[in-house]
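The values are calculated or read from the model by the stated rules, or taken from the named source; none is laboratory data. This one's a predicted model, so the numbers in the text were calculated from it and none came from an experiment. Backbone-built Cβ (ideal geometry, glycine too); neighbour counts: all protein chains shown.
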Amino acid sequence: MIAIESKNKKQNFVCGLYETKKKAENAFQKIIKKEDFQITEHNNIQFPFFLIEKKNKFEYYQKKEEIQSYLEKIKVKKNVNEDYTYCTLYIIEKEFGTKNPENDSMGSIDHVHIDNELLKNIEGLVLDI
């Protein structure tokens, strides 16, 4: 799997997820400020897969068992708002790209915010892909 990620220090986002390098390179050509973006290859990842966004960084996971393990290791912070978000989990079932790759459109991808409420009920979380 090939990703196009922004590398802007203010806000990082993924603007494209592709099965082939050729498709990613074609999408990359549409970007005006190429210096703000990078193509990253993830040879062990195939569609469908999971993407975790945490502190403007991205981690890619193939198996739901890896996600379950990741979530179980998060230490619940007791003195924070119930809505405190530890990370965002995206479920990527197919290629993703936008007409304007320089804008963050990750909200259109199926996702869940991992917060205290969800972590309290982690055993009931079903990850279907």
### Query
Can you name the residue in region 87-120 that is within 10 Å of the chain's Cα centre (by Cα) and assigned to a strand (DSSP E or B) and, of all such residues, is nearest to Lys30 (Cα to Cα)?
Ile92
### Summary
For Ile74, the lone unmet condition from (1) surrounded by 13 or more Cβ atoms within 10 Å (Cβ to Cβ); (2) in contact (Cβ under 8 Å) with a residue 60 or more places away in the chain is (2)
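Could you check region 1-36 and list, in sequence order, the residues that are part of a loop (DSSP other than H, G, I, E, B) and loosely packed, with under 12 Cβ neighbours inside 10 Å? First the steps, then the outcome.
Applying the first criterion (part of a loop (DSSP other than H, G, I, E, B)) to region 1-36 yields 1, 7-13, 19-20, 29-33.
Lys7, Lys9, Lys10, Gln11, Thr20, Gln29, Ile32, Lys33, listed by residue number.
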### Residues (modelled with pLDDT under 90 and in contact with a Pro (Cβ under 7 Å, 6 or more places away or on another chain)) located in region 80-129
Ile129
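Given the structure, is Glu35 in contact (Cβ under 8 Å) with a residue 60 or more places away in the chain and among the charged types (D, E, K, R)? Can you show your working first?
Numbers: in contact (Cβ under 8 Å) with a residue 60 or more places away in the chain: no; among the charged types (D, E, K, R): yes.
No; evaluated as a whole, the condition is false for this residue.
Criterion first (surrounded by 15 or more Cβ atoms within 10 Å (Cβ to Cβ) and more than 17 Å from the chain's Cα centre (by Cα)) does Phe58 satisfy it?
Values: surrounded by 15 or more Cβ atoms within 10 Å (Cβ to Cβ): yes; more than 17 Å from the chain's Cα centre (by Cα): no.
For Phe58, the condition - surrounded by 15 or more Cβ atoms within 10 Å (Cβ to Cβ) and more than 17 Å from the chain's Cα centre (by Cα) - is not met.
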#### Entry: Selection within region 80-116 - more than 16 Å from Ile52 (Cβ to Cβ), in contact with a Cys (Cβ under 9 Å, 6 or more places away or on another chain) and not charged (D, E, K, R)
Gly97, Thr98, Asn100, Pro101, Asn103, Ser105
### Summary
Of the listed residues (Ile39, Ile45, Ile109), the one being surrounded by 17 or more Cβ atoms within 10 Å (Cβ to Cβ) and closer than 25 Å to Ser6 by Cα is Ile45
### Message
Looking only at region 60-86, count every residue that is part of a loop (DSSP other than H, G, I, E, B) and aromatic (Phe, Trp, Tyr) and tell me the total.
### Response
1
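Count, please, the residues in region 50-77 that happen to be touching an Asp or Glu at 6+ places or on another chain (Cβ under 9 Å) and either within 22 Å of Lys99 (Cβ to Cβ) or among the aromatic types (Phe, Trp, Tyr) (or both). Quick ask: steps written out before the conclusion?
Taking region 50-77 as the starting set, the residues that turn out to be touching an Asp or Glu at 6+ places or on another chain (Cβ under 9 Å) are 50-53, 58-59, 64, 70.
If we keep only those that are either within 22 Å of Lys99 (Cβ to Cβ) or among the aromatic types (Phe, Trp, Tyr) (or both) too, we end up with 50-51, 53, 58, 70.
Final tally of qualifying residues: 5.
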### Summary
Across (1) in contact with a His (Cβ under 6 Å, 6 or more places away or on another chain); (2) farther than 17 Å from Val112 by Cα, Tyr60 clears everything bar (2)
## Note on the structure
(1) touching a residue at least 60 places away in the same chain (Cβ under 8 Å); (2) in contact with a Ser or Thr (Cβ under 9 Å, 6 or more places away or on another chain); (3) not hydrophobic (A, V, I, L, M, F, W, C) all hold for Lys64 apart from (2)
